[in-house]
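Asks: Here you go, one structure.
The values are calculated or read from the model by the stated rules, or taken from the named source; none is laboratory data. Everything numeric in this text was worked out from a predicted model, so none of it was measured. Every residue, glycine as well, gets a Cβ built from its backbone with ideal geometry; the counts of neighbours run over all protein chains shown. To get the accessible areas, we keep the full protein, side chains included, count just its heavy atoms, and leave off ligands, DNA and RNA. Shrake-Rupley method; radii C 1.70, N 1.55, O 1.52, S 1.80 Å.
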Amino acid sequence: MYLLTSQFCEMKIVSNMDTIAWLFVTIAILGSWLNSTKKLEASYWCWMVSNIGLFVYNLFLIGSFSQATLFAIYLANTLYGLSNYSPKIANAKEKLFEKINQLLNGSEK
């Protein structure tokens, strides 16, 4: 009886973990759909959330280091893409580079 209960509890935990993974997979698919409809900034935010979630899931919950590495690389690509496609971030990045240029050239406004 204890063995059956123990196995049932383990199956329930695995089921909950699968639900978490499927939630992040669904968010990633939503990001792909948003990207195909040219809603670039929203797609990158979805991918960022899903990549962080799947990184944590793979590294800490199931111990798959290769998958965790893959999602860490996907996250880095997402951050790079977001910084290039988001007008707000691109504008802030441009202002930062201008300020650095001014400081390096010794001219401040």
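Asks: Taking the stated definitions as given, is LYS99 open to solvent by 70 Å² or more (accessible area, probe 1.4 Å) and either under 21 Å from THR19 (Cα atoms) or modelled with pLDDT under 95 (or both)?
Replies: In short, yes.
Asks: Still on this model: Picking from TYR85, TYR57, TYR74, TYR80, which residue would you name as being among the aromatic types (Phe, Trp, Tyr), free of Cβ contacts under 8 Å to residues at least 12 places away in the same chain and either over 22 Å from TRP22 (Cβ atoms) or surrounded by 14 or more Cβ atoms within 10 Å (Cβ to Cβ) (or both)?
Replies: TYR80
Asks: Out of all the residues in region 44-55, is one or more more than 16 Å from the chain's Cα centre (by Cα) and in a helix (DSSP H, G or I)?
Replies: Taking every residue of region 44-55 in turn, none turns out to be more than 16 Å from the chain's Cα centre (by Cα) and in a helix (DSSP H, G or I).
Asks: Just checking, does region 32-52 include any residue being of a type in the set (A, V, I, L, M, F, W, C), more than 22 Å from THR19 (Cβ to Cβ), open to solvent by less than 80 Å² (accessible area, probe 1.4 Å) and out of contact with any Cys (no Cβ under 9 Å at 6 or more places or on another chain)?
Replies: Looking through region 32-52, at least one residue is of a type in the set (A, V, I, L, M, F, W, C), more than 22 Å from THR19 (Cβ to Cβ), open to solvent by less than 80 Å² (accessible area, probe 1.4 Å) and out of contact with any Cys (no Cβ under 9 Å at 6 or more places or on another chain).
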